[in-house]
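> Here it is: the structure, laid out below.
The values are calculated or read from the model by the stated rules, or taken from the named source; none is laboratory data. The structure presented is a predicted model; accordingly, all values stated were derived computationally and were not measured. Neighbour counts run over all protein chains shown; Cβ positions are idealised from the backbone, glycine included. The accessibility values were calculated without ligands, DNA or RNA, using every heavy atom of the protein model including side chains. Shrake-Rupley method; radii C 1.70, N 1.55, O 1.52, S 1.80 Å.
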Amino acid sequence: EGLDFKREPLPVARVAHDLQFFASHYGSDPVFRLLRPHPLVIWTGTSAYAPSEIASVTQPLQSQLVILASDKDAASYESIAGLVECDAFYWSSVDPLRTPGYQQRLDALSDAVHAHGGLWISPAAPGFDARDVGGVRVVPRRHGATLRQELGAALASSPDAIGLLSWNEFSENSDLEPSRLYGDFYLRELAAFQHSRPPQISDFDSSGPTGSDPGPDPFLILALLAAVVAASVVVIARRPR
């Protein structure tokens, strides 16, 4: 997370220190190897940093981490394409029914990332409501329709993976985790999207056992990443081209 609560960029030296600490302490753990041999890390807020600042962080860690930018448009990604390996757009507050140019923006980012040989992780969320933490924007869930529409738009942008935002971001009401309010409805929506059975949930405690996984569809792999601040995602990886 490169931004503070007010969406201001953290000192670049702090970002570098945090990533170096992660790489040295956890870089060899196989749990983080999703799409590359090294841990895949999304640096949120890259658009708030100068290319020279990004280079000072990413270049020393090239052999230890796969660092993704989080730029929000093709032009800003182009300016740092040689400094990062991929782009993951954290767009949890979009309303697919009321945002002009929504699909075109995803497609343009996909084209820019793939033109440089990078991985494109396209975003999708079930809804959004951050009024409990001072926000004003509300994107209704529409009983799963918002998630289905965003998954469809993400898939149409030719992604290498789909980043689901998020697993347990209750403060923004974009959570997919089983809860008292929604039960396991959103896990079932994801399972339907993948044409596979959802995992068996014995209770709604996120720290408790979740039963066995029957295995994913051969074309899609579902992996749940532990939530750490606003940068938590669920990744659905596509079969490599």
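> For residues in region 59-74 being part of a helix (DSSP H, G or I) and more than 15 Å from G118 (Cα to Cα), which is least open to solvent (accessible area, probe 1.4 Å)? Break it down stepwise before answering.
Here is the first cut: in region 59-74, the ones part of a helix (DSSP H, G or I) are 59-61, 74.
From what's left, more than 15 Å from G118 (Cα to Cα): 59-61.
Numbers: Q59: 102, P60: 78, L61: 5 Å².
In this case the residue turns out to be L61.
> When region 19-43 is examined, which residues are found to be in contact with a strand residue (DSSP E or B) (Cβ under 8 Å, 6 or more places away or on another chain), of a type in the set (A, V, I, L, M, F, W, C) and modelled with pLDDT of 90 or more?
Those that are in contact with a strand residue (DSSP E or B) (Cβ under 8 Å, 6 or more places away or on another chain), of a type in the set (A, V, I, L, M, F, W, C) and modelled with pLDDT of 90 or more: L19, F22, V41, I42, W43.
> In region 77-89, how many residues are among the small types (G, A, S) and surrounded by fewer than 16 Cβ atoms within 10 Å (Cβ to Cβ)? Working first, answer last.
Filtering region 77-89 down to residues among the small types (G, A, S) leaves 79, 81-82, 88.
Subsequent filtering for residues that are surrounded by fewer than 16 Cβ atoms within 10 Å (Cβ to Cβ) retains 79, 82.
Matching residues across region 77-89 total 2.
> Can you tell me which residue in region 1-43 is surrounded by the most Cβ atoms within 10 Å (Cβ to Cβ), limited to those that are closer than 19 Å to K72 by Cβ and basic (K, R)?
Applying the filter and picking the extreme gives R7.
> Could you check region 136-155 and list, in sequence order, the residues that are in contact (Cβ under 8 Å) with a residue 40 or more places away in the chain and assigned to a strand (DSSP E or B)?
Within region 136-155, V139 is the sole residue that qualifies.
> Further question: Quick one: R141 ticks every box in (1) surrounded by 15 or more Cβ atoms within 10 Å (Cβ to Cβ); (2) more than 20 Å from E189 (Cβ to Cβ) bar one, so which box is it?
Every listed condition holds for R141 apart from (2).
> It is to be established whether one or more residues within region 88-97 are without any contact (Cβ under 8 Å) to a residue 40 or more places away in the chain and over 22 Å from R36 (Cβ atoms).
For region 88-97, residues without any contact (Cβ under 8 Å) to a residue 40 or more places away in the chain and over 22 Å from R36 (Cβ atoms): absent.
> Take the residues in region 122-135 that are open to solvent by 10 Å² or more (accessible area, probe 1.4 Å) and part of a strand (DSSP E or B), then tell me which one is nearest to W91 (Cα to Cα).
Selected residue: F128.
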